[in-house]
Structures are given as structure tokens and as C-alpha cells.
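Scroll down for the structure; my scribbles are underneath it.
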Amino acid sequence: MADPDIHDDTSADYEQLEKALLAQDRDVAGIDTADVDDETAQYLVSELIDADVITTVPEDRVLVHEPSGTAFDSTTQLVVFHRGWTAARGADEEAE
């Protein structure tokens, strides 16, 4: 059997693509909350409450993200979740 032509060998391209995809996965998996301090989270939550995106449940001391139905007891977690949820919805809409 003849050796393959080096110009037809795409294994290096595949390896480059695989490395790029793994890097993207790591970026997505590593949620950064450093830019969301308590003051920013409180402000954003109040904005989302005014927009009827979040409902407060005082007796349970939780905030419910209405579009997803997910409950949170931390404003920072809620804001980070909402950012990710919004980004995912935007990516879904772009794909369609």
C-alpha cells in the first residue's frame, strides 16, 4: 500500500479544531462571578423584578426566575444564571 500524500493529510487540522473546541468548552464551563458584586447584583435583581422576570417569594426567602422556573436564595447566583440563560437563548435564536 502506498504512503498517503502529505498534502491530503488533515490530521493536524483536526487536532487544531479539537484544541479550539476544548478551549471553548473550558471558557463556557468556567463561570466568572468576579464582575458581579453584591451592589450590582441587587441593582440587576431589582431591574429584573420590575421587568417581571423575577418573582419574590418572601415566605421562602427565594427569588424565582420566571422564564426557567428556577428558584435562588442568592442574588449573585440569580444574576449569573440569568446572564447565562440569556446568552444561551441568544445563541439558540442565532442558530435558527
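Scanning segment 75-90 for residues that are hydroxyl-bearing (Ser, Thr, Tyr) and without any contact (Cβ under 8 Å) to a residue 12 or more places away in the chain returns a single hit, Thr86.
Only a single item in (1) farther than 16 Å from Trp85 by Cα; (2) modelled with pLDDT under 90; (3) not hydroxyl-bearing (Ser, Thr, Tyr) is not met by Arg61, and it is number (2).
Trp85 falls short on exactly one of the conditions (1) surrounded by 10 or more Cβ atoms within 10 Å (Cβ to Cβ); (2) at pLDDT 85 or above; (3) outside any helix (DSSP H, G or I), and that condition is (3). Of the residues making up segment 36-75, those that are in a strand (DSSP E or B) and surrounded by 15 or more Cβ atoms within 10 Å (Cβ to Cβ) are Ile54, Val62, Leu63, Val64, His65, Thr70, Phe72.
The values are calculated or read from the model by the stated rules, or taken from the named source; none is laboratory data. Small disclaimer: the values here were computed from a predicted structure and weren't measured. Positions of Cβ are generated from backbone atoms using ideal geometry, with glycine treated the same way; all protein chains shown enter the neighbour counts.
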